[in-house]
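The values are calculated or read from the model by the stated rules, or taken from the named source; none is laboratory data. None of the values given here were measured: they were computed from a predicted structure. FYI the Cβ positions are ideal-geometry reconstructions off the backbone, even for glycines, and counts take in every protein chain you see.
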Amino acid sequence: MARNVIFLSGTILIGWLAGAGIGAASDRVQPNEAAERVDRMLASELPRSGPSALLANDEVFIRRVTLDLLGQSPTPEDVVLFSVDDGAHKRQELIERLLNDSRFGENWGRYWRDVIFYRKTEERALFSAEICAKYLADELNRNASWDQIATAFITATGDVSERGNTGLIMAQGGKPEEVVSEVSRIFLGIQIQCAQCHDHPTDRWKREQFHELAAFFPRVAVRRDMSTQPPKFTVVVNDREQFMPRRPNANQRQIGTPEHRMPDKDDPSARGTVMQPVFFLTSQSLKTGTKDSERRDALAEWITSTSNPWFAKAYVNRIWSELVGEGFYEPVDDLGPDRQCTAPATIDYLAARFADSGYDTRWLFHTIMLTEAYQRVSLARHHPDAAPFQANVPQRLRGDQIFSQISNLFGITDSGVPAGAGARPAMMNRSPRFQFNSIFGYDPSAPRDEIAGSIPQALVLMNHNLIRQGVDARRGILASLLGSIKNDDELVIELYLRGLSRQPSDEELDVCRKYIREIGNRGEAFEDILWSLVNSTEFLHRR
């Protein structure tokens, strides 16, 4: 299908073009140049009551960037070598190296898996969660563009146990209303689902516009095959003219329907009004009766068009928030022309440059991480009246990141056995990574100030078998370190480097010395020191 020209409403399009500085032809901007421009624009847009925070030191920076990109801490050797490196461009070189590490795709594949599945309406969709994460990891590691990834999810069909891009449709059970709500929220940052039953209470979107969007997906369904164990689920398309009738509001949706019908609010039992597929942002439309492939191909094309600013803004806002600690829009998935934005000219510029890059996700990570806004020290979330983006903000680690921290510290695999020992399939079914993500995981789209610790999380860190075994002075990594490092100060430093990616302060080192003397048993004292590091707030956060 040839790319269509999208005519946005005048205020949206003019503001986008003017604020972003787009002309007839835009050249790709290098990350360092874009980062410098972003910092200048932020300084201009956001008046400060005081000076911005200083840049983070090397130990904080390498842990931050490694956790952000790879989902785990750097090794002690990496921390030391980075700290003694006096190269002028070492931070940029580190970012570039980590972006080309396969763990980048694995970490962010898990992130987007959580974005998709934390708001699932079909519980059995968990069958496909890890397939989806693996698909995303592979796509990100081959540097697939964000529009390619979005298109693959919007147009997906096939066996959900084999095709990871079916994850979004499977997570919503193939129901058009739920699918388009998530497509809009994730890829546009617009919560149009609030207009499903009535006009949106705080945005301009009308109820008819929601159901016109749902009209792009009526012929899609999730089919279940109970002859296999576990059951097999497939995203199917039914473009036949004759359809088996479906009960209104059915919970199980095995086949599609010819067209989407908007329910009658006064008579829910009525068949409702047949809706024409119309994209609410641009009013572009298709005729009723259009085949499914044409519907979803057109919708994907209109959503990802560079003429549609919200596609780029939604991704930029989300990644900026993950890296800097607060977004231009909060929450990260609630954007739109009627929403308040912090530094609108800056996000317009950054989103336009991201679009110019061909929606190159690595380009965006690289650019944001080169900004001073990203590289400053982290401070607690600012008072609502204070200027934002004057410091980085601490981020609580996701469940996968916490498990990666623990597995690296204690030298274990995802199956919970020592590295190299191998794992049986039955053990993998009880994966500690899955357990930790179930306990420590959270919806990545939720505001960070709503994420808090819990008693079950504290109990896991205090008593889980992996923790107890990991801090045991008679075996594992601690036993090895006790045998190879005889100097107590050196061993304390080693544990801090392994656990927190930094050396202890003089005060911390002095406290450890006194504790070792007080206990009188070297092994027992270092068990307690290592346990305290794992249970520290710093271990659970990226700062």
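Remarks
- VAL316 being closer than 27 Å to LEU70 by Cα, among the aliphatic types (A, V, I, L, M) and surrounded by 24 or more Cβ atoms within 10 Å (Cβ to Cβ): yes
- Condition check for LEU299: surrounded by 16 or more Cβ atoms within 10 Å (Cβ to Cβ), more than 17 Å from THR151 (Cβ to Cβ), touching a residue at least 40 places away in the same chain (Cβ under 8 Å) and among the aliphatic types (A, V, I, L, M): no
- Test for THR273: is it over 20 Å from THR157 (Cβ atoms), more than 22 Å from the chain's Cα centre (by Cα) and among the β-branched types (Val, Ile, Thr): yes
- Single residue of the range 373-382 satisfying the filter (buried (at least 18 other Cβ atoms within 10 Å of the Cβ) and touching a helix residue (DSSP H, G or I) at 6+ places or on another chain (Cβ under 8 Å)) that is nearest to HIS541 (Cα to Cα): SER378
- The residues listed here are ARG498, ARG474; of these, the one that is in contact (Cβ under 8 Å) with a residue 40 or more places away in the chain and more than 25 Å from GLN72 (Cβ to Cβ) is ARG474.
- Within the range 185-216, the set of residues being of a type in the set (Gly, Ala, Ser) and modelled with pLDDT of 90 or more comprises GLY189, ALA214, ALA215.
- ILE95 satisfies every condition listed in (1) closer than 25 Å to GLU182 by Cα; (2) in contact with a helix residue (DSSP H, G or I) (Cβ under 6 Å, 6 or more places away or on another chain) except (1).
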